[in-house]
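Chemist: My questions all concern the structure below.
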Amino acid sequence: MKASMDKYRVLVGIYMKMYRKYPMELFLKLVYLPVQMLMYIFLWKALLKYSGVQLSYMVCYYLFVVLLGYAFPFMHIATDIQKDVEQGIMANFLVRPVQYVVPVISRFVAWMVCYLVILVPAVLFTVIYREISLQNFLSFFIYLVLGIGIEFLLWYNLGLLALKLERIRGVLITFRAFKSLVSGALIPLSMFPPMFRTVTEFLPMKFYIYTPVNALLNGGNMEELAGNMVLALTWILVLTAAAAWQWNSGLKRLQANIS
């Protein structure tokens with residue numbers, strides 16, 4: 001266990017140094033995130049004339065939609081796996097002492113730590129602007145940590161499909177479109193019809209955007225928090241088991257292709 005944690009710690013440190021040395025991608029987010037946020041504000045200012053939702057809620061909600069939507073290029077997790085399979089890089093990990101998932105997680109953690117320079121000021125602004133309570137903030141933090149884990153596992157599982165299918169670009173594009181709808185990235189799930197909301201309640205996609213942001217802005221009771229935590233942890237276990245199964249079964253196919 002200690003040896004594994006040492007590997008993660010070393011790799012996260014290396015990737016953080018790389019992101020600090022080449023900070024252009026992080027700088028570009030500081031440029032185009034405010035531009036996209038302004039577009040959302042103008043759009044909802046017009047739509048709110050016909051809706052009872054507060055403008056301050058929509059401003060903060062879409063601030064986090066943009067921030068979390070662009071926090072990490074999650075689709076790259078899957079496309080990088082596809083590239084490694086196509087280029088034969090995946091086979092190299094069969095003889096390495098480090099499992100394939102270790103550098104993938106380390107790169108992800110390093111970027112998310114660097115991204116805090118953008119996320120933390122946005123959270124502070126929202127806490128002051130909306131007068132957020134401590135309970136709402138803690139609920140947001142718990143949901144966000146769980147949601148980040150779920151989001152990573154979703155894209156990692158999709159990437160592992162490349163072990164069997166090799167080319168998965170179509171699958172990724174279809175999933176991204178579906179996830180945008182059921183995660184609350186396009187419209188808050190509370191604004192959808194009851195039947196649609198009932199379906200999305202049991203899906204894992206809501207935990208990365210809608211559930212944490214809504215908890216921050218609207219709050220919730222402890223019973224709701226406990227129920228959502230159980231559901232989120234269940235999805236994490238299911239997705240982790242699915243990833244392990246995909247890796248083991250896909251590796252047999254990969255080794256057959258190599259031989």
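Chemist: ARG197 - would you say it is in a helix (DSSP H, G or I), under 17 Å from the mean Cα position of the chain (by Cα), of a type in the set (Lys, Arg) and surrounded by 13 or more Cβ atoms within 10 Å (Cβ to Cβ)?
Modeler: Against the criterion (in a helix (DSSP H, G or I), under 17 Å from the mean Cα position of the chain (by Cα), of a type in the set (Lys, Arg) and surrounded by 13 or more Cβ atoms within 10 Å (Cβ to Cβ)), ARG197 does not qualify.
Chemist: Would a scan of region 42-55 turn up a residue that is farther than 30 Å from LEU163 by Cβ, among the small types (Gly, Ala, Ser) and at pLDDT 70 or above?
Modeler: no
Chemist: Scan region 58-66 and give yes if some residue there is within 21 Å of ALA185 (Cα to Cα), over 17 Å from the mean Cα position of the chain (by Cα), of a type outside the set (D, E, K, R) and open to solvent by less than 20 Å² (accessible area, probe 1.4 Å), otherwise no.
Modeler: First, pick out the residues of region 58-66 that are within 21 Å of ALA185 (Cα to Cα): 58-66.
Subsequent filtering for residues that are over 17 Å from the mean Cα position of the chain (by Cα) retains 58-60.
Next cut, of a type outside the set (D, E, K, R) only: 58-60.
Narrowing the set further to residues that are open to solvent by less than 20 Å² (accessible area, probe 1.4 Å) leaves 58, 60.
Yes, that holds for at least one residue.
Chemist: When you scan region 100-137, how many residues do you find that are open to solvent by 20 Å² or more (accessible area, probe 1.4 Å), in contact (Cβ under 8 Å) with a residue 24 or more places away in the chain and assigned to a loop (DSSP other than H, G, I, E, B)?
Modeler: 3
Chemist: Sticking with this structure for a sec: Of a type outside the set (Lys, Arg), out of contact with any Ser or Thr (no Cβ under 7 Å at 6 or more places or on another chain), modelled with pLDDT of 85 or more and crowded, with 16+ Cβ neighbours inside 10 Å - does that describe any residue in region 245-256?
Modeler: There is at least one residue in region 245-256 that is of a type outside the set (Lys, Arg), out of contact with any Ser or Thr (no Cβ under 7 Å at 6 or more places or on another chain), modelled with pLDDT of 85 or more and crowded, with 16+ Cβ neighbours inside 10 Å.
Chemist: Using the structure shown, decide if VAL12 is modelled with pLDDT under 80, farther than 28 Å from LEU181 by Cβ, under 22 Å from the mean Cα position of the chain (by Cα) and in a helix (DSSP H, G or I).
Modeler: Yes; evaluated as a whole, the condition is true for this residue.
Chemist: Sticking with this one: Across region 152-191, which residue is surrounded by the fewest Cβ atoms within 10 Å (Cβ to Cβ) among those that are part of a loop (DSSP other than H, G, I, E, B) and at negative phi?
Modeler: Per the stated criteria, the residue is ARG167.
The values are calculated or read from the model by the stated rules, or taken from the named source; none is laboratory data. These numbers come from a predicted model, not from an experiment. So basically every Cβ, Gly included, is an ideal-geometry build from the backbone, and we count neighbours across all protein chains shown. For the accessible areas, the whole protein counts, side chains as well, though only heavy atoms, and no ligand, DNA or RNA atoms are used. Shrake-Rupley method; radii C 1.70, N 1.55, O 1.52, S 1.80 Å.
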